[in-house]
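Scroll down for the structure; my scribbles are underneath it.
What follows is calculated from the coordinates using simple rules that are stated; it is not laboratory data. Quick caveat, the model's predicted, so the values are computed rather than measured. Neighbour counts are summed over all protein chains in view; Cβ atoms, including those assigned to glycine, are modelled from backbone coordinates with ideal geometry.
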Amino acid sequence: MMRHRYALPSQSVGLFEPKQNIATIKLQTNTLVVKTMNEQVEKLLQHNPAIWRMSDFQRHAVHGITTGYPRLDRILPERGWPKNALVEIITAQWGIGELKLLLPLMKSMTEQKRYVLWVSPPYIPYAPALAEAGVDTDYVIVIKPEISCKDALWSMEKALQSQACGVVLAWLNWLPNGVVRRLQLAAESGNSLGVLFRQFNHKNSPAALRLQLNSSLGGLQLQVLKARGTHRYQSIRLDFPCH
Amino acid sequence: MVKPAVVLPLRLASLEEAHQPPDAPYAWQQPIFPLWMAIVFPKLLLEVFTNDQPDNGHPDQAAIVVQEVKGQPLVYAASAAAEHFGINAGMALGAAYALCPHLKVHRYDAHTESHRLEQLAVWAVQFTPKVSIEPPHALLLEVRGSLKYFGGLKKLLAKISGDLTGHWRHQHGLAVSPTPAASLLLANSGKATVVSSKEELRSALGSLPIRLLPINDKQLQQLYNTGVRVLRDLWRLPKDGLARRFGAELVRYLDASLGYFPEVRQEFKMPESFVARRQWPFEISDTTLLMNIAKELLEEMAQFLQSRDACISQCEFTLLHARAPSVRVAVGVRQPSRDAGRLQQLLQEHLDRILLPAPVTGMELTAADLQAYTARSDALFLFPSEAAQQSTISVDVLLERLQARLGQEAIQNICARSDHRPEYAHGFVDKTVKQCADIIRYRPLWLLPDPKPLKKHRGKLWYQGPLSILHGPERIESGWWSGNDVCRDYYIATDGKGSRLWVFKDLKSQGQWFLHGLFA
């Protein structure tokens, strides 16, 4: 079609004219522009790690840290928890299984002798229950909730930046604008995993993975609100046997 | 047939080698005598006043230190500018004022002088372990053993001299000789001399004036009257007569300086704790300025610790105020360390947090309780176990920072204990203590700090909704011996919204129900 449209005015010129017609020149420049643009995009992708293509996740099969729940792994784009990012877990109330979701992660972290830091948890993390689940409590550090919100945010940011902890869990209710983004950047620069527990769902959060938890009979209804690397946000039900 | 043909030339070669003299001289074949370096600071106290205290005027200004001798103020030391006016040590204060009316006068302070000399001795220990203090203003270093390490005497001298002029800003005289007394004499004479063997001592010392000898003015005058001007003249005098007239001390001193008589020097012992203080005549309320001063102090401490091969787990800053009691800031690290940068970062966290009552006019850093330093080796290849070790180091650094800002008690480890009572089966500990506890099943991940009483609503237990029992009871009855006995029936219940709760019926208080945990 294009060829015809451009070729029209020069149709009067003989087919075997030694002079190149205008249309072919234009076409060539068009492909050149597309070519150079592609090159630029490739260059940008190579030089800036913050820009990624959706296809990168499938092609390179970026492997995260397994969640310990194969069904959950299957719906996450990195086949597990992302390695250096902030994860937001939104749950309206505590005690529906939000910690049980993370127990396999904590277990594997402490087995690798990496620390799990709890920043201002709402209740006491009960050591006998953690020990029962196989978490080595020697590698569990708790920052008590008596500190101010500002200090809690500061602690979380520093812990994420320092690469010292395997995973940083935080229960924060006061999250002013830009703070989540700052935490996400800290997690990326420190190459560590942060998990933020929230009671309310806020739109437009820059966290890499956002999960909404709801309790359902004898299990946990889990909905992916956002996941970097996919646009199919699925929801699954995990069964937690009631002892 | 081939074998002896090969062996024979080899044997010959080895014999030839054996007959040749060795290339390197064997150190053990030569007698090893000590080599003493004397460092003399002729204007030590004056330089302490002019260098360290900026209000005391420009270093180029004429300044003197005055000492009271028999109630009369005499000049103890004069700066180069003052000497230009003709002021010399030993002159009366009135005469000095007459020569230069705008003279800056400092009072003699023996404590300041000896303290600075001690600081210099601590600094000198990095060059040799054998350092001795020669009051009032000289140091003796036995450097024979350090020559190889520092790449020869020339380099060592250059390094010492560079440090003294660059860092300490002290005018100094240096001399090296086989005896301490001769080194001191040569250093006092102001000529940088190196005498490498005892045989050369006589020619080096012979032309030194006798005023350098440790004798009083009266004896000096007597010697002058007898026509003795330099040491060589003194050696020509008969020893017994010299001992009779000027005391055996002088003769012994002369013998010692030539190495005929051994001399014993008391070795300087490093202090058991570190104290450094800075004071300034103005008020500082800016923490960045304070941090700069603290950085200097910490670097000084790091150097001290390195020379002691020690490390600390706590040091204390004292901030001095003009009109308020001083504020103490304790900076602690989890693993003993001597890293100035790490301590500085921790101090920064403390300073950000505390509210100072007044501007600061001085700062003191003390570190007692030194511990032996154990170096940690870094991994060349990071194996998983080593990576874990590295992570422990960085966790320590992180936790120190958090503790500095949030307080010592805010950060704790948790541990499980062997106890049937739920409250006692869990504990907060400051440091990781390996505890062995039995694994108990059916325990919630969240525990309430205190059990919360539950109300009954329309005959049903109520917590955010009516509760229904899923599992139970589990009777826990224990601790009667401790006074905190527990007699409870525990149940797992669920509320309407899906939370699973750990509730108990207290059998001691008429069946009151409590919420104790959440199965998260």
- Message: Percent of Cα-Cα pairs more than 11 Å apart in segment A:204-243, please.
- Response: 64
- How big is the shadow of the Cα convex hull of segment B:43-176, averaged over all directions, in nm²? 8.8
- Ranked B:Tyr463, B:Tyr224, A:Tyr139, B:Tyr373, criterion: other C-beta atoms within 10 Å, fewest first: B:Tyr224, B:Tyr373, B:Tyr463, A:Tyr139
- Rg (Å, one decimal) plus Dmax (Å, integer) for the alpha carbons of chain B? 37.3, 122
- Message: I'd like the Kirkwood hydrodynamic radius of segment B:291-373, using the inverse of the mean 1/r over distinct C-alpha pairs, in Å.
- Response: 13.1
- Cα pairs beyond 27 Å in segment A:93-243, in percent, come to 21
- Message: Compute the helix-to-body angle for B:287-308: its Cα long axis versus the longest principal axis of chain B, expressed 0 to 90° and rounded to tens.
- Response: 70
- Message: Less than 26 Å apart at the alpha-carbon level, and either on another chain or at least 8 residues along: which lysines does that give for A:Lys107?
- Response: A:Lys83, A:Lys144, A:Lys158, A:Lys226, B:Lys431, B:Lys434
- Query: Fewest to most neighbouring Cβ within 10 Å: what's the order for B:Cys100, B:Cys415?
  - Reply: B:Cys100, B:Cys415
- For segment A:129-180, what number results from the quotient of the Cα radius of gyration and 2.2 N^0.38 Å? 1.30
- Message: Rounded to whole Å, give me the distance from the Cα center of segment A:174-212 to that of segment B:272-309.
- Response: 40
- Note on the structure: Any lysines whose Cα falls less than 19 Å from that of A:Lys43, other than same-chain ones fewer than 8 residues away, would be A:Lys35
- Query: What is the Cα coordinate range of segment B:162-233 on the first, second and third principal axes, sorted by size from largest, in whole angstrom?
  - Reply: 45, 29, 15
- Measuring from the lowest to the highest alpha carbon on each principal axis, how far does segment B:224-274 reach, largest first, in angstroms? 52, 20, 18
